[in-house]
Amino acid sequence: MDAATGIHEGNKRFVQAVRAGDSATMPSLYTRDAKILPPNGDAVVGADAIAQFWRAFSELGIAEARPVTLEVIPMGDYALEVGDTSVFGKEGALVDRGKIMVLWKNEEGVWKMHRDTWNSSVPLSEA
């Protein structure tokens, strides 16, 4: 499977897991040595930490995340995805929108997230 198709399939599984609040599935979407690099937080490493991260995400009231791939740069067993994302609460209200950059890796024939980072496009409010 080519990188663009694999990333599309991986993102579909990710969206389904977020909608279902299924944090237990999340580690399977990442490589064995994956790192999540969230904004305003430390790196998240390991299957248990990845599941806990997404459990906390759901507990914040996030009901949906919609990644939109704008560019895929294939690099052999790796591919870089650049895109946008929107995050919605349980009532369907937009919580945040931003940019994503994900390094995907083909692990045993399945494209999985290897390094996952994003940031907000919403301007900081003046304090």
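The values are calculated or read from the model by the stated rules, or taken from the named source; none is laboratory data. These numbers come from a predicted model, not from an experiment. Using ideal geometry, Cβ is built from the backbone for each residue, glycine included, and neighbour counts are taken over all protein chains shown. With ligands, DNA and RNA removed, areas are computed over all heavy atoms of the protein, side chains included. Shrake-Rupley method; radii C 1.70, N 1.55, O 1.52, S 1.80 Å.
For the peptides 64-71, 39-46, 98-105, the ranking by mean Cβ contacts within 10 Å, running from highest to lowest, is 98-105, 64-71, 39-46. Multiplying each eigenvalue of the alpha-carbon gyration tensor of the chain by 5 and taking the square root yields semi-axes of 23, 17, 14 Å, largest first, rounded to whole angstroms.
Ordering G41, F53, V102 by Cα displacement along the dipole of the chain toward the positive end leaves F53 in first place; charges were set at the Cβ atoms of Lys, Arg (+1) and Asp, Glu (-1). With the contact rule set at Cα under 8 Å and sequence spacing of 6 or more, what percent relative contact order holds for the chain? For the chain, the relative contact order is 25 percent. Placing a label point 7 Å from the Cα of S121 along the Cα-to-Cβ line, the residues of segment 75-95 whose backbone N sits under 15 Å from it are 82-88, 94-95.
Packing, taken as the mean count of other beta carbons within 10 Å per residue, orders the peptides 15-24, 109-118 from highest to lowest as 109-118, 15-24. Expressed as a whole percent, the accessible surface of the chain that belongs to carbon and sulfur atoms is 54, based on a 1.4 Å probe.
With angles folded into 0 to 90 degrees, how steeply does helix 47-59 sit against the dominant principal axis of the chain? Use alpha carbons for both and round to 10. The two axes meet at around 30 degrees.
The residues R13, R32, sorted by heavy-atom accessible surface at 1.4 Å with ligands and nucleic acids left out, run R32, R13 from largest to smallest. Modelled spin labels at L80 and A20, positioned 7 Å past Cα toward Cβ, are 3.3 nm from each other. Listed values for segment 8-14 are Karplus-derived 3J(HN,Hα) couplings in whole Hz (6.51 cos²θ - 1.76 cosθ + 1.60, θ = phi - 60°), namely 4, 5, x, 5, 4, 5, 4, and x replaces Gly and Pro.
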